[in-house]
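The values are calculated or read from the model by the stated rules, or taken from the named source; none is laboratory data. If you're wondering where the values come from, they're calculated on a predicted model, not measured in any experiment. Neighbour counts are summed over all protein chains in view; Cβ atoms, including those assigned to glycine, are modelled from backbone coordinates with ideal geometry.
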Amino acid sequence: MDNVGPGPVGLASAKLAGGSRMKDDILPRPDLTYTPEVAAETAHLYERVSHIVPPVEWPFHAPYVAAINRVKKQRDAVILAHNYQTPEIYNCVADVVGDSLQLAKLAAKTSARIIVQGGVHFMAETSKLLSPEKMVLIPDLKAGCSLAESITGADVRRLREAYPGVPVVAYVNTSAEVKAEVDICCTSANAVHVVESLGVPRVLFVPDQYLAKYVQSQTKVEIIAWKGACEVHERFTGAELRAYRDADPSIKIIAHPECPPDVIAEADFTGSTAGMIDFAKAQHGGKVLLVTECSMADNVASSARDVEFVRPCNLCPHMKRITLPKILDSLLTLTHQVEIPDELAARARRSVERMVNLTQ
Ligand code: 13P
Ligand code: SF4
């Protein structure tokens, strides 16, 4: 497998699209006092997070949870939350949770008027591409991604010049501008299938060098990879996982394919965040180590109470920009609306839809 490209560059939030506001009423800010009524209204939701949110903290979350769930109905909005969102978002206000592929498919199906993306900017753009007629809101415009920031549309055009005729596969962790330049998108759930579906001897794969290496280990198609990396997953090491296994040989190690190869080599299972959750839940009575973002174990733990989770913890700072107060503000003020110019959106949509159609 070849590597190409300059590798990741710093986050440039100024490049993130969106921020304008369509005409719509701004709703008044609700009272956010923790009253007995709010406690009663949210008691069933607290049950879902009581394993991770101490009782002393709930009075800070509950008024936002109650307000968001009310305003959501008023606005005809749905909240799509990625598996890395905090437990109170994931369990208490989200309508749909999942990995990137699941969220993309559900964004296309929802009949709601407004989508609030509990996730990062590229996910909100993907929702907008698949639901152009809906208002898509991202509660914090700076919720970026080190992978999406590592490559531009111009970089893809240069790759095409250097490798004429070689199709380009882009991980969905890319901007709409990059998606507009590639042949097809993929997620961590379907990357091998997408690469093999092209029926060619070699492909360019952008921007995650580690997902590319994982795909290369699963296929005979030659992969030419860009050198981006996820700042969260690249920090795990095979040595730290071996130490966990030495301490308890029965432990099941479950890794995301954005991890480096020495990490994947230690794993009992490698898959998308949704695949990881399914594998973890099946380990009844066992101990699992999730090699991914911190919130995953917290979120899965509520529906897998018979599994013990070991939590090496790497936070995604971008995912953590999305909070209950920002989601409420987003719903009240209808900011920040994700907008993608029509011509760019039409080209980017093609590569996302090609993937979605392949995996229906
Ligand atoms: P999944 O598609 O597996 O949810 O991954 C998205 C992501 O950003 C992982 O870091
Ligand atoms: Fe991007 Fe990594 Fe955060 Fe996922 S975990 S959003 S790939 S920086």
Sort out which residues of segment 102-123 are at pLDDT 95 or above, away from ligand 1 (no atom under 13 Å from the Cβ) and either surrounded by 24 or more Cβ atoms within 10 Å (Cβ to Cβ) or in a helix (DSSP H, G or I) (or both), and write them in order of number.
-> 115, 116
Do you know which residues across segment 223-259 are in contact with a Lys or Arg (Cβ under 8 Å, 6 or more places away or on another chain) and under 19 Å from residue 151 (Cα atoms)?
-> 223, 224, 225
Does any residue of segment 134-146 turn out to be closer than 14 Å to residue 348 by Cβ and either in contact (Cβ under 8 Å) with a residue 40 or more places away in the chain or within 15 Å of ligand 2 (Cβ to nearest atom) (or both)?
-> yes
Keeping to segment 275-295, report how many residues are in a helix (DSSP H, G or I), within 16 Å of ligand 2 (Cβ to nearest atom) and touching a helix residue (DSSP H, G or I) at 6+ places or on another chain (Cβ under 6 Å).
-> 1
What's the number of the condition residue 231 fails, among (1) in contact with a helix residue (DSSP H, G or I) (Cβ under 6 Å, 6 or more places away or on another chain); (2) of a type in the set (D, E, K, R); (3) closer than 28 Å to residue 49 by Cβ?
-> (1)
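Do you know which of the residues in segment 246-281 that are among the charged types (D, E, K, R) and without any contact (Cβ under 8 Å) to a residue 12 or more places away in the chain is surrounded by the fewest Cβ atoms within 10 Å (Cβ to Cβ)?
Quick first cut of segment 246-281, residues among the charged types (D, E, K, R) only: 246, 248, 252, 258, 262, 266, 268, 278, 281.
Of the ones still in play, those that are also without any contact (Cβ under 8 Å) to a residue 12 or more places away in the chain are 246, 278.
Values: 246: 9, 278: 13.
Restricting to residues being among the charged types (D, E, K, R) and without any contact (Cβ under 8 Å) to a residue 12 or more places away in the chain, the top hit is 246.
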For residue 129, work out the one condition from (1) surrounded by fewer than 24 Cβ atoms within 10 Å (Cβ to Cβ); (2) part of a helix (DSSP H, G or I); (3) at pLDDT 95 or above; (4) not aromatic (Phe, Trp, Tyr) it doesn't fulfil.
-> (1)
Tell me, yes or no, whether segment 297-318 has at least one residue that is crowded, with 20+ Cβ neighbours inside 10 Å and either touching an Asp or Glu at 6+ places or on another chain (Cβ under 7 Å) or not in a helix (DSSP H, G or I) (or both).
-> yes
Residue 67 fails exactly one of (1) within 16 Å of ligand 1 (Cβ to nearest atom); (2) small (Gly, Ala, Ser); (3) part of a helix (DSSP H, G or I), namely (1)
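Answer yes or no as to whether residue 196 is within 13 Å of ligand 2 (Cβ to nearest atom), farther than 29 Å from residue 332 by Cα and assigned to a helix (DSSP H, G or I). If you could, list the steps in order and put the result at the bottom.
Details: within 13 Å of ligand 2 (Cβ to nearest atom): no; farther than 29 Å from residue 332 by Cα: yes; assigned to a helix (DSSP H, G or I): yes.
No.
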